[in-house]
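The values are calculated or read from the model by the stated rules, or taken from the named source; none is laboratory data. Predicted model, so just to flag it, every value in this text is computed and none were measured. Glycine gets a Cβ as well: all are built from the backbone with ideal geometry, and neighbour counts include every protein chain shown.
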Amino acid sequence: MKPFTEQAIAVISSIPEGKVMTYGGVAAAAGSPRAARQVVRILHAMSRKYRLPWHRVVNAQGRIALQDAEDADRQRLYLLSEGVELDERGTVDLDRYRYVPGADEGGAADA
């Protein structure tokens, strides 16, 4: 497994219940800020195998990016069950729910 993939899996696994990260934020925290699309591929291919909390990753606008209505509904329900509120457009308030790894230790902001 490539180092970026390992790092991305570690970052996604670290997102606590009730928080979210963006695809770009995961990529940046894993060491490659321009690799948001790779994060999408990792989630698609490895979420089940590594039991990743895939539902805690949203797009840069705080929206659920899944195109399949059933999967998008499942993500919305999982987020709601963890206390993450979505507005009427299905958008998460990133200022309120964004997780920034290492923020308590002075880490960089999630992109």
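Assorted remarks:
- Selection of the range 24-66 for residues being without any contact (Cβ under 8 Å) to a residue 40 or more places away in the chain, more than 19 Å from G90 (Cβ to Cβ) and not aliphatic (A, V, I, L, M) yields G31, S32, R34, R37, Q38, R41, H44, S47, R48, K49, R51.
- Here W54 passes the criteria (1) in contact with a Pro (Cβ under 9 Å, 6 or more places away or on another chain); (2) surrounded by 15 or more Cβ atoms within 10 Å (Cβ to Cβ) except the one numbered (1).
- Only a single criterion out of (1) assigned to a helix (DSSP H, G or I); (2) loosely packed, with under 15 Cβ neighbours inside 10 Å; (3) modelled with pLDDT under 95 is not satisfied by K49, namely (3).
- If the condition is being modelled with pLDDT of 95 or more and either within 25 Å of A29 (Cα to Cα) or among the aliphatic types (A, V, I, L, M) (or both), then the range 65-90 contributes Q75, R76, L77, Y78, L79, L80, E82, G83, V84, E85, L86.
- Criterion (under 11 Å from the mean Cα position of the chain (by Cα) and closer than 20 Å to R96 by Cβ) met by exactly one of V40, V58: V58
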